[in-house]
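Participant: There's a structure below that I have some questions on.
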Amino acid sequence: MSLSAEDIAAVVAEIAPVMTGSWIQKIFQPAPHGITLECRGQGQTLSLFISADPHTARLHLLSRRLPNPVTPPPFCQFLRAHIQGAKIEEIEQVRGDRIVRIRIAARKGPCMLIAALTGRKADVLLLDGADRILMTLNQGQERSGQSYTLPSGLPTARTSRAHRADSPSPTRPDVGHPFPISHSIERQYQQREEERARDQLRQSRLVEVRKVIKKISRRTDALRADLEKAARYRDYARYGELLKANLGTIQKGQEEVTVVDYFDPAMPELVIPLDASKSPQGNLNDYFKKHQKYMAAEREIRPRLETAERELHALRAELTIIEQGTWEPPVISAPRLAGRRFHLTDHRPPPPDRRPRTADRAARRSGPFRRFTSADGLPIYVGRNARENEELSLKFAKSDDLWLHAQGTPGSHVVVRLEKGSDPPPETIKDAATLALLYSDLKKSGKGEVIYTRRKYVRKAKGQPPGTVTVTQEKAIFVTLDKTRLQALKERSR
């Protein structure tokens with residue numbers, strides 16, 4: 001639910017006195033429908049958050065910095081080019097409506113930021129001095145050049161000046177907080193957005209589980225069919241042995257032969273079909289070959305079927321939990337403390353390799369961690385499991401070493417040993433990022449994003465299992481598993 005006009009009046013009355021006259025230092029877009037203006041004025045730095053999300057449209061000050069994407073979206077870039085470094089001259093609400101105007105003195109002249117917090121039609125618009133639309137958050141440049149007009153029935157842009165300071169607070173204000181209304185709104189909507197995010201994850205997981213169940217069900221049906229087909233050859237070794245014992249009595253051209261089944265204590269007669277176009281030895285060989293197919297199917301298909309059936313059982317149990325509403329997603333966002341940005345890495349070990357590799361054997365011989373050398377001659381260390389990840393990151397690595405991890409997925413911690421004060425060469429970063437991707441759950445896709453930072457920005461996550469850390473000051477690089485690079489790394493493994 002978005003803020004009401006009365007709620008907006010209350011928060012504008014709270015923030016306008018401290019934001020008027022401040023300078024816009026930085027602009028961020030932490031969410032697809034939300035922007036943050038970091039402003040400096042009256043001896044303090046304040047962050048104004050404006051959300052044009054149809055479900056949670058609002059405006060308030062932030063008590064902590066929100067995580068931002070590595071690359072700023074187009075609207076954020078546009079705002080930075082036009083109003084970063086500009087001065088806020090006035091913040092006002094259009095009386096009786098959910099629209100807030102922020103008048104700005106920019107280098108290229110006066111302009112205005114419109115926060116239309118109007119539910120499904122919510123948007124943030126940047127206007128020039130003649131009230132022409134330059135760009136909007138939700139519609140981009142589709143309306144560029146059009147004149148902006150207030151919705152019909154509302155006061156004109158020059159008539160609404162007064163703030164309704166006596167408007168009721170949207171939530172119970174936090175006593176003792178310098179901006180109680182903003183803080184209450186922030187806390188309230190954070191809970192709503194977390195619940196909404198959980199619901200979205202739950203729905204997404206429901207769709208994914210149903211899709212995977214359908215896929216694995218088809219696979220198990222196919223495997224069972226293959227086993228049933230192969231099961232017809234279960235007794236063919238016995239038929240071959242009986243043909244071998246009676247080989248001298250069989251003539252080419254026979255379509256069947258009657259033999260005594262000495263494998264049965266009752267010694268009954270058994271009719272064995274023959275291929276008339278083949279010799280007795282050819283028929284004998286056919287029966288043994290078909291029995292080998294049965295044995296191969298039992299050896300290769302049976303374990304695959306059992307594994308698929310276990311996966312299916314686990315997924316159906318999870319589906320039941322989701323449908324009953326008791327499923328809880330994993331950590332949906334990293335903890336945010338004291339205005340700093342964190343990523344929580346998964347403590348689970350990377351998936352085991354199906355086949356032993358030369359690099360792995362060399363790593364096992366050389367002690368703890370997998371060990372490689374980058375193209376620039378720098379040592380790279382890779383943890384094998386949760387215990388080694390923790391030891392590598394928190395005990396072995398030095399403050400200025402480079403630390404890497406596949407973004408948002410279980411995997412190995414990777415550390416590049418660096419001299420104090422030195423920067424990692426680009427090729428070394430690519431080598432280390434490739435290893436982080438290789439020893440993670442993104443290996444199957446062959447591509448993904450890897451985050452990296454200095455070891456001094458990696459901290460143990462309190463109360464979490466071994467290998468779980470929080471990370472700040474990180475950057476990201478997108479890598480793919482390049483066969484040439486991987487081969488070179490394997491040859492330089494120690």
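The values are calculated or read from the model by the stated rules, or taken from the named source; none is laboratory data. Because the structure is a prediction, the values reported are computed rather than measured. Heads up, the Cβs are rebuilt from the backbone with ideal geometry, glycines too, and the neighbour counts pull from every protein chain shown.
Participant: Pairs needed: first member in the range 27-54, under 19 Å from Ala16 (Cβ atoms); second member anywhere, surrounded by fewer than 17 Cβ atoms within 10 Å (Cβ to Cβ) and basic (Lys, Arg); C-beta distance under 7 Å; at least 6 residues apart or different chains.
Facilitator: Taking only residues 6 or more apart or on different chains, the pairs are Glu38/Lys26.
Participant: Can you tell me how many residues in the range 409-460 are of a type outside the set (S, T, N, Q), touching a residue at least 12 places away in the same chain (Cβ under 8 Å) and assigned to a loop (DSSP other than H, G, I, E, B)?
Facilitator: Residues flagged as of a type outside the set (S, T, N, Q), touching a residue at least 12 places away in the same chain (Cβ under 8 Å) and assigned to a loop (DSSP other than H, G, I, E, B) within the range 409-460 amount to 14.
Participant: Working only within the range 95-128, note down all residues that are surrounded by fewer than 23 Cβ atoms within 10 Å (Cβ to Cβ) and not in a strand (DSSP E or B).
Facilitator: Scanning the range 95-128 gives Arg95, Gly96, Asp97, Arg107, Lys108, Thr118, Gly119, Arg120, Lys121, Asp128.
Each row is one residue, and each column tells you yes or no for (1) within 24 Å of Ile216 (Cα to Cα); (2) out of contact with any Ser or Thr (no Cβ under 9 Å at 6 or more places or on another chain).
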site: Gly240; (1), (2): no, yes
site: Glu269; (1), (2): no, no
site: Arg299; (1), (2): yes, yes
site: Pro303; (1), (2): yes, yes
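Participant: Sticking with this structure for a sec: Within the range 276-292, identify whether any single residue is acidic (Asp, Glu), in contact (Cβ under 8 Å) with a residue 12 or more places away in the chain and surrounded by 13 or more Cβ atoms within 10 Å (Cβ to Cβ), and answer yes or no.
Facilitator: Checked the range 276-292: no residue is acidic (Asp, Glu), in contact (Cβ under 8 Å) with a residue 12 or more places away in the chain and surrounded by 13 or more Cβ atoms within 10 Å (Cβ to Cβ).
Participant: Quick one: would you say Asp199 is modelled with pLDDT under 90, of a type in the set (Asp, Glu) and surrounded by fewer than 17 Cβ atoms within 10 Å (Cβ to Cβ)?
Facilitator: Criteria met by Asp199.
Participant: Let me ask you something else. Name the residue that is nearest to Thr71 (Cα to Cα), counting only residues in the range 439-481 that are out of contact with any strand residue (DSSP E or B) (no Cβ under 8 Å at 6 or more places or on another chain) and exposed (fewer than 14 other Cβ atoms within 10 Å of the Cβ).
Facilitator: Ser445
Participant: Residues of the range 202-248 being touching a residue at least 40 places away in the same chain (Cβ under 8 Å), hydroxyl-bearing (Ser, Thr, Tyr) and surrounded by fewer than 16 Cβ atoms within 10 Å (Cβ to Cβ), which ones?
Facilitator: Ser217
Participant: Looking at Gln77, Gln84, Gln93, Gln25, which is the one that is closer than 28 Å to Thr470 by Cβ and either modelled with pLDDT of 90 or more or within 34 Å of the chain's Cα centre (by Cα) (or both)?
Facilitator: Gln25 is the lone residue from the list that is closer than 28 Å to Thr470 by Cβ and either modelled with pLDDT of 90 or more or within 34 Å of the chain's Cα centre (by Cα) (or both).
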